[in-house]
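The values are calculated or read from the model by the stated rules, or taken from the named source; none is laboratory data. These numbers were taken from a predicted model, which means no experiment stands behind them. For neighbour counting, all protein chains shown are included, and Cβ atoms are generated from backbone atoms with ideal geometry for every residue, glycine included.
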Amino acid sequence: MKIAFVHCRIAQWWALNVFQDLIKEDFANSDNKISHSQIFTLVSDRKYLTIGNIKIKIKTALPRQINKIFLYFTNHKVALLSQIFDYRNLMFFYPCLMKLLSQKIKKYKPAHITISSFAITKNISLSTFNFPLSTKLYLHSPMQYIWSHYDEYSQKIKWRKWFLFKIIVKNLKKRDKKFTKFDTCYANSNYTAKLAKEIYWIDCHIKYPKISEEYFNTTISTNIMNYYVYVGRLVNFVRESDLVIKLFNKLKLPLIIIWSWPDELYLKSIAWENIIFTWWIDDIQERIKIIQQSKWLINLTKESFGLGTAEALLLWVPVFGYNQWATPELVDTASGILVNYKDIQTLIEKFKQFDNNNRNRKSISHNIQKKLIDNN
């Protein structure tokens, strides 16, 4: 039986880890071999995805050479060209790209499709497939640009791109509501399931993303250092990286930022000397050590789940977060503080209030483990 696995974009970040877990789960529950599958995506930073000792071929909607150009200018920051070949600009071509991707999947003729969607891959043209197949959707989030984060994008997108954005959003919303027929649907949080019901009238089972066992098998650190940590892609639109940096510029406190892409150069230009940037740390034990010894994690993102938040809590680390979207599902008064407003003055006041309170770290990990178990 052929299986098609579909994901919005193949790149090294949390959504890819969840996608890999979905593939492993599908094959653990069937008699099929991984070699009988292919991966389909809009753009990819690699030709294959390795699951165990098996390489699964990746097919992109973008032609191979154009895909290489986007990848090059993502990894090599070149004035103007990196702005043009920014993968986020693909949003303006989503309808065409989804038609191309749907055609490639149709040509493959799978018997089953597992869709992992945080942007657009929910919108595969399944109704045009003239052969029987089963479908499963794992919804990380409805397309944030046009739904939950539309106001934020409207405020931050500038000049001509803003007019294009306003036009394309109307078309994307209309199209997005049409793709709702799946045999099985999962959402990564109660918040995402609620949105799916409101927007698409889809009923989703709740399935929190899996987290590496290394995070569960830790003990509380007795060596808490005088620094704070931010873990996430360096993106101004959704992750509020610029706001976190401005906050710590004001506080003049040490902050370690783990990860990169795609607004790294700008963010480094506005950061003061108290802020240290690292690339993504592949060594999970080293990453755990840095997070575990921090005073607490900063995450002001509008999360559809929040893997970074869950990982920090499992490491007994309190969280300073945003009191909307999915974060309140994970963070309670015993494990952190959630702010309702993101203006700098409010953040400074809440930060100092949080910093002056001693948190009982012993209960933090136990509480989040129970929540994760109850929703899997």
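Structure summary
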| read-out | value |
| --- | --- |
| Pair list, Cβ < 9 Å and 6+ apart or interchain, from the range 90-110 residues that are under 17 Å from HIS7 (Cβ atoms) to residues that are of a type in the set (Asp, Glu) | none |
| Residue satisfying condition, being more than 24 Å from GLN293 (Cα to Cα), touching an Asp or Glu at 6+ places or on another chain (Cβ under 6 Å), touching a residue at least 24 places away in the same chain (Cβ under 8 Å) and surrounded by 14 or more Cβ atoms within 10 Å (Cβ to Cβ), within set ASN236, ASN188 | ASN236 |
| Condition broken by GLY336, with the remaining ones in (1) modelled with pLDDT of 95 or more; (2) more than 21 Å from the chain's Cα centre (by Cα); (3) crowded, with 20+ Cβ neighbours inside 10 Å satisfied | (1) |
| Qualifying residue in the range 106-123 (condition: part of a helix (DSSP H, G or I) and small (Gly, Ala, Ser)) | no |
| Residue in the range 341-348 that is out of contact with any Cys (no Cβ under 7 Å at 6 or more places or on another chain) and modelled with pLDDT under 90 present | no |
| ILE276 vs. criteria surrounded by fewer than 17 Cβ atoms within 10 Å (Cβ to Cβ) and assigned to a loop (DSSP other than H, G, I, E, B) | no |
| Per-region count, the range 133-151, residues assigned to a helix (DSSP H, G or I) and not hydroxyl-bearing (Ser, Thr, Tyr) | 1 |
| Residue in the range 152-169 that is over 17 Å from the mean Cα position of the chain (by Cα), at pLDDT 90 or above and either closer than 24 Å to THR309 by Cα or in a helix (DSSP H, G or I) (or both) present | yes |
| Residue list for the range 1-29, filter: more than 13 Å from PRO110 (Cβ to Cβ) and modelled with pLDDT under 85 | GLN12, TRP13, TRP14, PHE27, ALA28, ASN29 |
| Meets criteria (more than 24 Å from VAL235 (Cβ to Cβ), part of a strand (DSSP E or B) and in the same structural domain as THR128 (by TED's automatic domain parsing)) for LYS59 | yes |
| Top-ranked residue of the range 321-336 - restricted to ones that are part of a loop (DSSP other than H, G, I, E, B) and hydroxyl-bearing (Ser, Thr, Tyr), ranked as nearest to ARG361 (Cα to Cα) | SER335 |
